[in-house]
1. Select from segment 109-198 those chymotrypsin sites (Phe, Trp or Tyr not before Pro) which occupy a DSSP coil region and have at most 13 other Cβ atoms within 10 Å, ordered by residue number.
2. Counting DSSP beta bridges with both partners in segment 67-162, what percentage is antiparallel, nearest 5?
3. Apply the Karplus curve 6.51 cos²θ - 1.76 cosθ + 1.60, θ = phi - 60°, to the phi angles in segment 184-198 and return the couplings in whole Hz, x for Gly and Pro.
4. Give me the percent of the accessible area of segment 83-198 that comes from carbon and sulfur atoms, probe 1.4 Å, all protein chains in place.
5. What spacing in nm lies between the two simple spin-label points modelled at Asp137 and Arg174, each 7 Å away from Cα in the Cβ direction?
6. Mind counting lysine pairs for me in segment 45-198? Cα separation below 23 Å, and the two need to be 8 or more apart along the chain or on different chains.
7. What whole-number value in Å² describes the accessible area per residue of segment 81-143 for a 1.4 Å probe?
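The values are calculated or read from the model by the stated rules, or taken from the named source; none is laboratory data. Quick caveat: nothing in here was measured; it's all calculated off a predicted structure. For neighbour counting, all protein chains shown are included, and Cβ atoms are generated from backbone atoms with ideal geometry for every residue, glycine included. Only protein heavy atoms, including side chains, enter the accessible area calculation; ligands, DNA and RNA are left aside. Shrake-Rupley method; radii C 1.70, N 1.55, O 1.52, S 1.80 Å.
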Amino acid sequence: AFRFGCGLSLIVSLAGCSPIGMAVGAGATAANMAMEERGFDNAVRDNAIWVDINGRMLDKDPKLFRNVNLQVHEGRVLLSGLVQKPEDRVEATRIAWEPSGIREVVNEIKVGRSRDFGDVAEDQWLIQEINLKLLLDRDIRQSNYSVDCIRSTVYLMGIARTQAELQRVIDHVRDVPYVRAVVSHVRVRTDPLPPIPD
């Protein structure tokens, strides 16, 4: 599923591009990050945390890495996915707390059968439809939101400028066919951030 900044997949996809293509892509990504509510520096830190946690999960257990999705905003980590054992949920949370700068870890991982190709394809389609709806709504700043989907349950992360904007986002998600549920961990801009533990 889509993960903020595209992280490792972005690195892989750019590896075969021309220098001009890489420069344009990097410039567009930087411009997009600069427009986000959290700011460019926070976006860069969040991407670094995303890569760090994924690397730790891959080192610990490739199956855990494949089955757990990450979204990171302002040092807040949202875990989603499907694992086979309850202990895997605990291990994923433990790993997510390891990097520095983590404010909060929210565990939405479920225990159950892994997704098959059809599940993944449908989830990807839903993510694309949702992102398109948000992009086309002029009252929503789409770049402030991260969307993931596991078996038609949508997980939202990011920063809403107002409660009204957040409600518009949720309404758009609910309007997409085949969405079963919406789980929002979006922070409204005026809400305080959790402190970074000592």
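1. Numbers: sites: Phe117, Trp125, Tyr145, Tyr155, Tyr178; in loops: Tyr178.
Passing sites in segment 109-198 are Tyr178.
2. Values: 12 of 20 bridges.
Around 60 percent antiparallel, to the nearest 5.
3. Running phi through 6.51 cos²θ - 1.76 cosθ + 1.60 with θ = phi - 60° gives 9, 10, 7, 9, 6, 3, 7, 6, x, 7, x, x, 7, x, 6 Hz.
4. Values: 3200 of 6310 Å².
The nonpolar share, carbon plus sulfur, comes to 51 percent.
5. Label at Asp137, label at Arg174, 1.1 nm between them.
6. On the way: Lys60/Lys85; Lys60/Lys110; Lys63/Lys85; Lys63/Lys110; Lys85/Lys110.
Close lysine pairs found across segment 45-198: 5.
7. Values: 3640 Å² over 63 residues.
Each residue of segment 81-143 exposes 58 Å² on average to a 1.4 Å probe.
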